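S.K.: Please see the structure below; I have some questions.
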Amino acid sequence: MKYYYSVHMRGSNSIKDALPAVLNENEALKQIYSKPYSGLRLKDKVLYQTDENGMAINPYELLDPVGYGIPDETEDVEIELDSGVRITEGGTAMMAWARMQFDDVPEEERIRVFNSLLRYCELDTLAMVMIHQHWEYLKSIIDNK
């Protein structure tokens, strides 16, 4: 297989768009990831869930909210705890990491942000595995024709 594109990726090649696309298209992945997944930091997280239209919810949106001290990307303000904000992409992760470098960050906040970063990074790695699993599935179909 030389390339892959899904209409569910909405014109993007981002892993963040490829992941829900492969979950929408692969029944085996749906079965595997509709059960609680327990990795190093993602504990008992169901990564395949659907919205009201039966489409896969992006697993990044299923990560636990952190909120603590993460600057908003579009404005120069910090987000309040319990705001529902999640670390779901690299820019937010970098800002969260940068914020933790300051001495005035309370230990509770530091721990919570650090754990959110670890969950985000684990999901990034798992997303690559899930996409690879889908590609191997597609390759097996092509090879058997």
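S.K.: Among the residues in the range 39-59, are any modelled with pLDDT of 95 or more and in a helix (DSSP H, G or I)?
M.R.: Checked against the condition, which is being modelled with pLDDT of 95 or more and in a helix (DSSP H, G or I), the range 39-59 yields at least one hit.
S.K.: Give the number of residues within the range 86-140 that are in a loop (DSSP other than H, G, I, E, B) and either without any contact (Cβ under 8 Å) to a residue 40 or more places away in the chain or of a type in the set (Phe, Trp, Tyr) (or both).
M.R.: Residues meeting the conditions: 9.
S.K.: Quick check on PHE102: is it at pLDDT 90 or above, among the aromatic types (Phe, Trp, Tyr) and surrounded by fewer than 15 Cβ atoms within 10 Å (Cβ to Cβ)?
M.R.: no
S.K.: Next question. More than 20 Å from LEU126 (Cα to Cα) and modelled with pLDDT of 85 or more: does that describe GLU73? Break it down stepwise before answering.
M.R.: Working: more than 20 Å from LEU126 (Cα to Cα): yes; modelled with pLDDT of 85 or more: no.
Here the answer is no, as GLU73 does not meet what is asked.
S.K.: Identify the single condition in (1) closer than 20 Å to LEU42 by Cα; (2) small (Gly, Ala, Ser); (3) touching a helix residue (DSSP H, G or I) at 6+ places or on another chain (Cβ under 9 Å); (4) modelled with pLDDT under 90 that GLY84 does not satisfy, given that it satisfies every other one.
M.R.: Condition (3) is where GLY84 drops out.
S.K.: Return the residue satisfying two criteria in turn: it lies in the range 88-138 and is more than 21 Å from LEU63 (Cβ to Cβ) and of a type in the set (Phe, Trp, Tyr), and of such residues it is farthest from the chain's Cα centre (by Cα).
M.R.: Of everything passing the filter in the range 88-138, PHE102 is farthest from the chain's Cα centre (by Cα).
The values are calculated or read from the model by the stated rules, or taken from the named source; none is laboratory data. In this text the structure is predicted, and so the values were computed from the model without any measurement. Neighbour counts are summed over all protein chains in view; Cβ atoms, including those assigned to glycine, are modelled from backbone coordinates with ideal geometry.
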